[in-house]
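The values are calculated or read from the model by the stated rules, or taken from the named source; none is laboratory data. All values derive from a computational prediction rather than experimental measurement. Note that each Cβ is placed from the backbone with ideal geometry, even for glycine, and that neighbours are counted across all protein chains shown.
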(Lines give C-alpha, C1' and ligand atoms only; values in the text may rest on other atoms or scores of the structure.)
Protein backbone atom coordinates (compact mmCIF):
# COMPACT_ATOMS: atom_id res chain seq x y z
CA UNK A 1 0.00 0.00 0.00
CA UNK A 2 1.26 3.49 -0.87
CA UNK A 3 2.48 5.71 1.90
CA UNK A 4 -0.32 7.55 3.64
CA UNK A 5 -0.84 11.30 3.84
CA UNK A 6 -2.11 12.97 7.01
CA UNK A 7 -3.43 16.46 6.43
CA UNK A 8 -3.16 18.65 9.53
CA UNK A 9 -3.27 22.31 10.44
CA UNK A 10 -1.37 24.16 13.17
CA UNK A 11 0.66 22.05 15.58
CA UNK A 12 0.49 24.82 18.15
CA UNK A 13 -3.26 25.45 18.08
CA UNK A 14 -5.05 22.45 16.57
CA UNK A 15 -6.05 19.90 19.20
CA UNK A 16 -7.82 17.76 16.59
CA UNK A 17 -4.73 17.60 14.40
CA UNK A 18 -2.72 16.49 17.44
CA UNK A 19 -5.20 13.72 18.19
CA UNK A 20 -5.21 12.43 14.62
CA UNK A 21 -1.43 12.54 14.41
CA UNK A 22 -1.00 10.65 17.68
CA UNK A 23 -3.47 7.97 16.61
CA UNK A 24 -1.74 7.40 13.28
CA UNK A 25 1.67 7.19 14.93
CA UNK A 26 0.34 4.83 17.62
CA UNK A 27 -1.02 2.57 14.88
CA UNK A 28 2.33 2.53 13.10
CA UNK A 29 0.93 4.09 9.91
CA UNK A 30 3.72 5.30 7.64
CA UNK A 31 2.49 8.74 6.64
CA UNK A 32 3.66 12.04 5.27
CA UNK A 33 2.42 15.22 6.92
CA UNK A 34 0.65 17.71 4.69
CA UNK A 35 -0.11 21.09 6.19
CA UNK A 36 -3.01 23.33 5.20
CA UNK A 37 -2.73 27.05 4.68
CA UNK A 38 -3.41 28.75 8.01
CA UNK A 39 -4.49 31.88 6.17
CA UNK A 40 -7.25 29.98 4.38
CA UNK A 41 -10.65 31.18 5.70
CA UNK A 42 -12.00 27.63 6.12
CA UNK A 43 -8.92 26.56 8.08
CA UNK A 44 -9.23 29.55 10.39
CA UNK A 45 -12.93 28.83 10.93
CA UNK A 46 -12.09 25.28 12.02
CA UNK A 47 -9.39 26.45 14.43
CA UNK A 48 -11.68 29.13 15.85
CA UNK A 49 -14.51 26.61 16.33
CA UNK A 50 -16.71 28.52 13.91
CA UNK A 51 -17.08 25.75 11.35
CA UNK A 52 -19.91 23.24 11.54
CA UNK A 53 -17.75 20.59 9.84
CA UNK A 54 -14.16 19.78 10.77
CA UNK A 55 -12.30 18.18 7.86
CA UNK A 56 -8.80 18.27 9.35
CA UNK A 57 -7.11 16.04 10.31
CA UNK A 58 -7.71 13.92 7.24
CA UNK A 59 -6.01 10.60 6.55
CA UNK A 60 -5.50 9.40 2.99
CA UNK A 61 -4.38 5.77 3.17
CA UNK A 62 -4.28 4.03 -0.19
CA UNK A 63 -7.80 4.35 -1.58
CA UNK A 64 -9.23 5.20 1.86
CA UNK A 65 -9.94 8.78 2.87
CA UNK A 66 -11.10 9.33 6.44
CA UNK A 67 -11.57 12.53 8.40
CA UNK A 68 -12.96 13.26 11.86
CA UNK A 69 -10.62 12.22 14.65
CA UNK A 70 -12.86 9.57 16.15
CA UNK A 71 -13.30 7.95 12.72
CA UNK A 72 -9.52 7.97 12.28
CA UNK A 73 -9.22 6.35 15.70
CA UNK A 74 -11.57 3.50 14.79
CA UNK A 75 -9.93 3.03 11.40
CA UNK A 76 -6.47 2.92 12.98
CA UNK A 77 -7.66 0.37 15.56
CA UNK A 78 -9.09 -1.80 12.77
CA UNK A 79 -5.98 -1.87 10.59
CA UNK A 80 -3.56 -2.20 13.51
CA UNK A 81 -5.28 -4.53 16.00
CA UNK A 82 -1.99 -5.37 17.70
CA UNK A 83 -1.11 -1.73 18.39
CA UNK A 84 -3.22 -1.66 21.56
CA UNK A 85 -5.28 1.40 20.65
CA UNK A 86 -8.23 -0.23 22.40
CA UNK A 87 -8.13 -2.37 25.58
CA UNK A 88 -8.32 -6.15 25.21
CA UNK A 89 -11.34 -6.63 27.48
CA UNK A 90 -14.70 -5.97 25.81
CA UNK A 91 -16.22 -4.14 28.79
CA UNK A 92 -13.14 -1.97 29.20
CA UNK A 93 -13.11 -1.26 25.47
CA UNK A 94 -16.66 0.03 25.81
CA UNK A 95 -15.61 2.43 28.56
CA UNK A 96 -12.61 3.57 26.55
CA UNK A 97 -14.86 4.31 23.60
CA UNK A 98 -17.35 6.10 25.86
CA UNK A 99 -14.85 8.48 27.44
CA UNK A 100 -13.24 9.08 24.04
CA UNK A 101 -16.64 9.84 22.54
CA UNK A 102 -17.43 12.19 25.40
CA UNK A 103 -14.27 14.15 24.64
CA UNK A 104 -15.07 14.14 20.94
CA UNK A 105 -18.62 15.46 21.21
CA UNK A 106 -18.60 17.49 24.41
CA UNK A 107 -16.71 20.04 26.50
CA UNK A 108 -17.49 22.93 24.16
CA UNK A 109 -17.08 25.54 26.89
CA UNK A 110 -13.64 24.20 27.73
CA UNK A 111 -12.58 24.39 24.10
CA UNK A 112 -13.64 28.02 23.74
CA UNK A 113 -12.40 29.18 27.16
CA UNK A 114 -9.05 27.36 27.10
CA UNK A 115 -7.92 27.14 23.46
CA UNK A 116 -4.90 24.94 22.87
CA UNK A 117 -1.70 26.96 22.68
CA UNK A 118 1.44 24.93 23.33
CA UNK A 119 3.71 27.98 23.26
CA UNK A 120 1.82 29.90 25.95
CA UNK A 121 2.10 29.71 29.73
CA UNK A 122 -0.08 31.74 32.11
CA UNK A 123 0.67 31.64 35.81
CA UNK A 124 -2.93 32.33 36.73
CA UNK A 125 -6.15 32.15 34.80
CA UNK A 126 -9.71 32.62 35.97
CA UNK A 127 -11.88 29.97 34.36
CA UNK A 128 -15.30 31.39 33.58
CA UNK A 129 -18.20 29.64 35.26
CA UNK A 130 -19.47 27.94 32.11
CA UNK A 131 -16.22 26.02 31.63
CA UNK A 132 -15.77 24.87 35.23
CA UNK A 133 -18.17 21.89 34.93
CA UNK A 134 -16.19 20.71 31.90
CA UNK A 135 -12.94 20.88 33.85
CA UNK A 136 -14.44 18.99 36.79
CA UNK A 137 -15.97 16.33 34.55
CA UNK A 138 -12.62 15.68 32.86
CA UNK A 139 -10.94 15.41 36.25
CA UNK A 140 -13.60 12.90 37.32
CA UNK A 141 -13.05 10.79 34.19
CA UNK A 142 -9.32 10.74 34.79
CA UNK A 143 -9.74 9.81 38.48
CA UNK A 144 -12.12 6.98 37.67
CA UNK A 145 -9.94 5.52 34.93
CA UNK A 146 -6.67 5.81 36.83
CA UNK A 147 -8.26 4.24 39.91
CA UNK A 148 -9.94 1.42 37.99
CA UNK A 149 -7.07 0.48 35.69
CA UNK A 150 -4.01 1.40 37.73
CA UNK A 151 -2.35 3.96 35.47
CA UNK A 152 -0.04 5.44 34.45
CA UNK A 153 -2.26 5.78 31.35
CA UNK A 154 -6.03 6.03 31.53
CA UNK A 155 -6.49 2.34 30.74
CA UNK A 156 -3.40 0.83 32.26
CA UNK A 157 0.16 0.38 31.18
CA UNK A 158 -0.10 1.52 27.55
CA UNK A 159 -1.63 4.55 25.86
CA UNK A 160 -4.95 4.01 24.09
CA UNK A 161 -7.33 6.03 21.97
CA UNK A 162 -8.51 7.73 25.15
CA UNK A 163 -5.06 9.11 25.91
CA UNK A 164 -4.77 10.51 22.40
CA UNK A 165 -8.16 12.17 22.86
CA UNK A 166 -7.26 13.73 26.22
CA UNK A 167 -3.63 14.64 25.50
CA UNK A 168 -4.58 18.14 24.27
CA UNK A 169 -6.49 18.69 27.51
CA UNK A 170 -3.29 18.08 29.45
CA UNK A 171 -1.64 20.85 27.44
CA UNK A 172 -4.59 23.17 28.06
CA UNK A 173 -4.40 22.57 31.81
CA UNK A 174 -0.68 23.34 31.73
CA UNK A 175 -1.08 26.46 29.58
CA UNK A 176 -3.77 27.96 31.81
CA UNK A 177 -2.38 26.79 35.18
CA UNK A 178 -5.36 24.59 36.05
CA UNK A 179 -4.71 23.15 39.51
CA UNK A 180 -4.58 19.36 39.60
CA UNK A 181 -4.32 16.90 42.45
CA UNK A 182 -1.10 14.84 42.46
CA UNK A 183 -2.48 11.74 40.72
CA UNK A 184 -3.93 13.82 37.89
CA UNK A 185 -0.77 15.87 37.55
CA UNK A 186 1.19 12.61 37.38
CA UNK A 187 -1.03 11.53 34.50
CA UNK A 188 -0.37 14.78 32.65
CA UNK A 189 3.36 14.38 33.30
CA UNK A 190 3.15 10.91 31.74
CA UNK A 191 1.54 12.45 28.66
CA UNK A 192 4.15 15.21 28.47
CA UNK A 193 6.98 12.65 28.74
CA UNK A 194 5.49 10.57 25.92
CA UNK A 195 8.03 10.67 23.05
CA UNK A 196 5.24 11.23 20.53
CA UNK A 197 4.01 14.27 22.48
CA UNK A 198 7.53 15.61 22.74
CA UNK A 199 7.99 15.25 18.98
CA UNK A 200 4.72 17.07 18.28
CA UNK A 201 5.54 19.81 20.78
CA UNK A 202 8.95 20.39 19.18
CA UNK A 203 7.16 20.90 15.89
CA UNK A 204 4.69 23.30 17.49
CA UNK A 205 7.44 25.37 19.05
CA UNK A 206 9.14 25.66 15.67
CA UNK A 207 6.04 27.05 13.97
CA UNK A 208 6.45 30.70 12.96
CA UNK A 209 2.76 31.35 12.48
CA UNK A 210 0.52 32.95 15.06
CA UNK A 211 -3.25 33.19 15.00
CA UNK A 212 -4.08 36.36 16.87
CA UNK A 213 -7.64 35.29 17.64
CA UNK A 214 -6.33 32.33 19.65
CA UNK A 215 -3.90 34.36 21.71
CA UNK A 216 -5.99 34.81 24.88
CA UNK A 217 -5.65 38.24 26.45
CA UNK A 218 -5.67 38.77 30.24
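Tabulated data
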{"item": "Scope the range 65-75; condition in contact with a strand residue (DSSP E or B) (Cβ under 6 Å, 6 or more places away or on another chain), assigned to a helix (DSSP H, G or I) and either at pLDDT below 95 or closer than 16 Å to residue 163 by Cβ (or both); matching residues", "result": "72"}
{"item": "Counted residues, the range 179-197 - those being free of Cβ contacts under 8 Å to residues at least 24 places away in the same chain and part of a helix (DSSP H, G or I)", "result": "7"}
{"item": "Checklist (1) over 19 Å from the mean Cα position of the chain (by Cα); (2) not assigned by TED's automatic domain parsing to the domain that holds residue 10 applied to residue 60, failing item", "result": "(2)"}
{"item": "Qualifying residue in the range 154-161 (condition: assigned to a helix (DSSP H, G or I), within 16 Å of the chain's Cα centre (by Cα) and closer than 22 Å to residue 199 by Cβ)", "result": "yes"}
{"item": "Residue, nearest to the chain's Cα centre (by Cα), within the range 123-139, restricted to residues that are in a loop (DSSP other than H, G, I, E, B) and surrounded by 13 or more Cβ atoms within 10 Å (Cβ to Cβ)", "result": "131"}
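Every residue, every condition in (1) at pLDDT 95 or above; (2) out of contact with any helix residue (DSSP H, G or I) (no Cβ under 8 Å at 6 or more places or on another chain); (3) loosely packed, with under 14 Cβ neighbours inside 10 Å, yes or no:
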{"site": "14", "(1), (2), (3)": "no, no, no"}
{"site": "20", "(1), (2), (3)": "yes, no, no"}
{"site": "23", "(1), (2), (3)": "yes, no, no"}
{"site": "28", "(1), (2), (3)": "yes, no, yes"}
{"site": "31", "(1), (2), (3)": "yes, no, no"}
{"site": "48", "(1), (2), (3)": "no, no, no"}
{"site": "54", "(1), (2), (3)": "no, no, no"}
{"site": "63", "(1), (2), (3)": "no, yes, yes"}
{"site": "77", "(1), (2), (3)": "yes, no, no"}
